[in-house]
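In what follows, a single structure is set out as structure tokens and then discussed.
The values are calculated or read from the model by the stated rules, or taken from the named source; none is laboratory data. Values in this document were obtained by computation on a predicted structure and should not be read as measured data. Every residue, glycine as well, gets a Cβ built from its backbone with ideal geometry; the counts of neighbours run over all protein chains shown.
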Amino acid sequence: MPNMAPKKNPMPSQAADVRNHNFQEVALGYTAEMAIDEAKRCLNCKNHPCVSGCPVRVAIPAFIREMAEGNFETAYQVIARSSSLPAVCGRVCPQETQCESKCVRGIKGEPVGIGRLERFAADWHNANSTQKPQKPASNGHRVAVIGSGPSGLTCAGDLAKMGYQVTVFEALHLAGGVLVYGIPEFRLPKSIVQKEINTLRDLGVQIETNVVIGKTITIDELQQEYGFEAVFIGSGAGLPKFMSIPGENLKGVYSANEFLTRINLMKAYQPGSDTPIQHGKRVAVVGGGNVAMDAARCAKRLGADVTIVYRRTEAELPARREEVEHAMEEGIVFKFLTNPLEILGNEQGWVSAVRCQEMELGEPDASGRRRPVPKEGSEFTLDLDCVIMALGTSPNPLIKSTTEGLETQKWGGIIADENTGLTSRPGVYAGGDAVTGAATVILAMGAGKNAAAAIDEYLKSK
Ligand code: FAD
Ligand code: SF4
Ligand code: SF4
């Protein structure tokens, strides 16, 4: 008999007033009993609508059936056939707009906690399985992958499983892309990402860090001098946007990217870190997306009083609802319908305040959201020590500017075929944020997977 409880088993979590002082994971994960109970909420629907909501088509009812029987390792193996990073996806996929949004249990209650079950199966496997993946026999073909984020790692893993000799070139000193430098430890512990990367190494993938393609080596050189027969570009969208308002050059103004990289990658929150972060007591984060929530929650954990400044209302916040709720519970203040006009500084050149303006919502703009318009005579000043700009990112133009014949969109995204990732350069494929602009982990993984299949076809036909 299925469990007809209308709500998901709640996720055990650290209390808000405890977790806002530490960087340990907020969600603690289900126990085996909770996982089995939640799995029994699945109706094992014949036409499994949930699968259509998953960009990599995880066989959701099949893995949940195994979970309900307590066969956690088998459940993991079912997921691993479609997703190479299940412990990551179970934590950070926006399930409420993907797999869970299609679950029939969501019609009269809450959907099955698919993400929570996926996380449990992956954590179970990581804790209990000692099996290392077998390195496949080499087929002698060499492929270069640029960037070690989810798109690059997925492309590299799939190609390695087919016998290709894959080398990943990563600009930073650690592999993982946004999974290590962007998403904070309290949402995605870095040991989990490291484990997934070790699995790729066991499959024979070589990872060369501190190599900036376009500076250290170009794509032409990879293809013509280093003998790589195909190249996948998964270089992400790491170039931050600013508001172009006066005062953005003051000390104490960060892009969210820099702020998060210093904290997550360089561990600036640990005493004695080589990369200190100067944040002061009063921090404002400008923006309303997931990146803004992550930056605000990090600053809170560093002891600051944090205000999120957003020019629309709570209803338009683009961040995941769960992240907004977590931020609110942790004591972050939201100033809606507020737009910064100028950042003011003290005599030493540090941020001292932000001059803001109140907004109201006007007619819908091209995105369909109501456009914020300034309210007359509503200017006010917020006293601050630090401003973090979380306004979005775009692809870095370095690769485009050093690769002959690589076509891009006006905003910098690489033009690539939707199904194969093939770019305007023969043998060069691309996917993930470098093509779509800032998106999600699972979409980047899907693009890496499609490109790996297309590269295999291309090299077989050569
Ligand atoms: P990236 O992860 O950006 O990886 C690109 C890699 O390429 C980087 O390591 C970079 O250093 C490297 N690189 C760049 N240029 C070069 C070069 N010239 N040479 C060599 N290497 C290069 N998505 C979700 O689904 N859920 C979330 O909760 C979520 N939270 C997020 C929080 C933050 C703070 C951020 C910034 C993003 C978040 N995202 C989230 C979005 C998600 O992380 C990205 O969509 C995803 O990581 C894109 O993967 P990618 O492989 O295309 O690129
Ligand atoms: Fe859902 Fe993401 Fe898992 Fe797909 S990979 S089933 S979208 S949690
Ligand atoms: Fe189970 Fe929901 Fe998928 Fe049906 S739609 S198989 S109930 S997860």
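Things worth noting here:
- Close contacts from the stretch 79-96, counting a first residue that is at negative phi and among the hydroxyl-bearing types (Ser, Thr, Tyr) and a second that is within 8 Å of ligand 2 (Cβ to nearest atom) and in a helix (DSSP H, G or I), with Cβ to Cβ under 6 Å and a gap of 6+ residues or different chains, come to Ser83/Cys89.
- For the stretch 234-277, filtered to residues that are exposed (fewer than 15 other Cβ atoms within 10 Å of the Cβ) and small (Gly, Ala, Ser), the residue that is farthest from Ser148 (Cα to Cα) is Ser244.
- Cβ pairs under 7 Å, 6+ apart, first in the stretch 426-447 and within 13 Å of Gly147 (Cβ to Cβ), second more than 16 Å from ligand 2 (Cβ to nearest atom) and among the acidic types (Asp, Glu): Ala444/Asp433
- The residue pairs whose first member lies in the stretch 1-14 and is in contact (Cβ under 8 Å) with a residue 60 or more places away in the chain and loosely packed, with under 11 Cβ neighbours inside 10 Å, whose second member is among the small types (Gly, Ala, Ser) and in a loop (DSSP other than H, G, I, E, B), and whose beta carbons are closer than 8 Å, counting only pairs six or more residues apart or on different chains, are Pro6/Gly109; Lys7/Gly109.
- Within the stretch 215-259, the residues that satisfy the criterion of being among the acidic types (Asp, Glu) and in contact (Cβ under 8 Å) with a residue 24 or more places away in the chain are Asp220, Glu229, Glu248.
- From the options Gly157, Gly115, Gly109, residue that is among the small types (Gly, Ala, Ser), away from ligand 2 (no atom under 14 Å from the Cβ) and closer than 22 Å to Gly177 by Cβ: Gly157
- Scope the stretch 394-416; condition part of a loop (DSSP other than H, G, I, E, B) and closer than 23 Å to Ser255 by Cα; matching residues: Pro395, Asn396, Pro397, Lys410, Trp411, Gly412, Gly413
- When Gly90 is tested against (1) away from ligand 3 (no atom under 16 Å from the Cβ); (2) farther than 21 Å from Arg201 by Cβ; (3) at pLDDT 95 or above; (4) of a type outside the set (Ser, Thr, Tyr), only condition (1) is not met.
- Residues in the stretch 113-143 that are under 25 Å from the mean Cα position of the chain (by Cα) and closer than 30 Å to Gly427 by Cβ: Val143 alone.
- Subset tally (residues that are near ligand 3 (Cβ under 10 Å from one of its atoms), surrounded by fewer than 18 Cβ atoms within 10 Å (Cβ to Cβ) and not in a loop (DSSP other than H, G, I, E, B)) for the stretch 29-50: 1
- Residue in the stretch 448-459 that is away from ligand 1 (no atom under 16 Å from the Cβ) and assigned to a loop (DSSP other than H, G, I, E, B) present: no
- Elements of the type strands (runs of 3 or more DSSP E) sitting completely within the stretch 241-350 and holding at least 2 residues that are hydrophobic (A, V, I, L, M, F, W, C): these cover 282-286, 305-309, 333-335, 338-345.
- Filter pass, Gly437 being on the phi > 0 side of the Ramachandran plot, under 21 Å from the mean Cα position of the chain (by Cα), modelled with pLDDT of 95 or more and not acidic (Asp, Glu): yes
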